[in-house]
1. Residue check: is Arg133 among the basic types (Lys, Arg) and in a helix (DSSP H, G or I)?
2. For the range 106-130, which positions are touching a Ser or Thr at 6+ places or on another chain (Cβ under 7 Å) and either assigned to a loop (DSSP other than H, G, I, E, B) or free of Cβ contacts under 8 Å to residues at least 60 places away in the same chain (or both)?
3. With touching a residue at least 60 places away in the same chain (Cβ under 8 Å) and surrounded by fewer than 19 Cβ atoms within 10 Å (Cβ to Cβ) as the only criterion, which of Glu70, Glu64, Glu95 stands out?
4. Just to be sure, is Glu156 at pLDDT 95 or above, outside any loop (DSSP other than H, G, I, E, B) and either more than 21 Å from Leu30 (Cα to Cα) or of a type in the set (Gly, Ala, Ser) (or both)?
5. What residue, of Arg114, Arg35, is over 14 Å from the mean Cα position of the chain (by Cα), surrounded by fewer than 17 Cβ atoms within 10 Å (Cβ to Cβ) and of a type in the set (D, E, K, R)?
6. When you go through Ala87, Ala56 one by one, which is the residue that is out of contact with any Leu (no Cβ under 7 Å at 6 or more places or on another chain) and of a type in the set (Gly, Ala, Ser)?
7. Among the residues that make up the range 62-76, is at least one of them under 19 Å from Arg34 (Cα atoms), aliphatic (A, V, I, L, M) and either in a strand (DSSP E or B) or at pLDDT 95 or above (or both)?
8. With the requirement that a residue be β-branched (Val, Ile, Thr) and closer than 17 Å to Glu143 by Cβ, what does the range 69-116 give you?
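The values are calculated or read from the model by the stated rules, or taken from the named source; none is laboratory data. No experiment lies behind these values; they were computed from the predicted model shown. Here the Cβ positions follow ideal geometry from the backbone for every residue, glycine too, while neighbour counts run over all protein chains shown.
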Amino acid sequence: MSTKGIPVLAALAGAAAAFGARALLRRLLLAALRRDLDLLNLGDYRPLLSRYAADAVLRFPAGEHRWSGEHRGRAGIERFLQRFTEAGLRGEVGEVVTSGPPWRMTVLVRFDDRAAGPDGAQLYANRAVLVLRTRRGRIVEHEDFFEDTARIADLERRLRELGR
């Protein structure tokens, strides 16, 4: 029996294992994000907040609305998440794409959010890509890029009219 093909087979097996592990990691990350977002949609932001490092930064598009700007540290991010839930916003995680090693990953998340008025009519709907940078399993940097930032300001105006 020839041993010439064994290194090639070992390399292929290693590559297959690496791809399989990466796919499993992405699926686990997607499941965790969806679980945390389901709880956020119910008003419980704590599980999502626990995923952020103590010194994390969340950057949200600037504008005339309550979420505008940079939110630093867990306390700043907690205020941001409180405003999210108080406004009646609901979100849904779509596709997740990852790059980098597990201890220092970049994660792209398609995120669709919406809000309804007291009568159930839709007040707001938008789509974003969230760019998350992690360090040792914690989010250290989070930046949102929205399909239409004017919709956020319009939501703010509508929420004020409703007294929220």
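1. Values: among the basic types (Lys, Arg): yes; in a helix (DSSP H, G or I): no.
The answer is no for Arg133.
2. Thr106
3. Criteria check complete, one pass: Glu64.
4. Criteria met by Glu156.
5. Arg114
6. Exactly one of Ala87, Ala56 is out of contact with any Leu (no Cβ under 7 Å at 6 or more places or on another chain) and of a type in the set (Gly, Ala, Ser), namely Ala56.
7. The answer is no, given that none of the residues of the range 62-76 is under 19 Å from Arg34 (Cα atoms), aliphatic (A, V, I, L, M) and either in a strand (DSSP E or B) or at pLDDT 95 or above (or both).
8. Ile77, Val93, Val96, Val97, Thr98, Thr106, Val107, Val109
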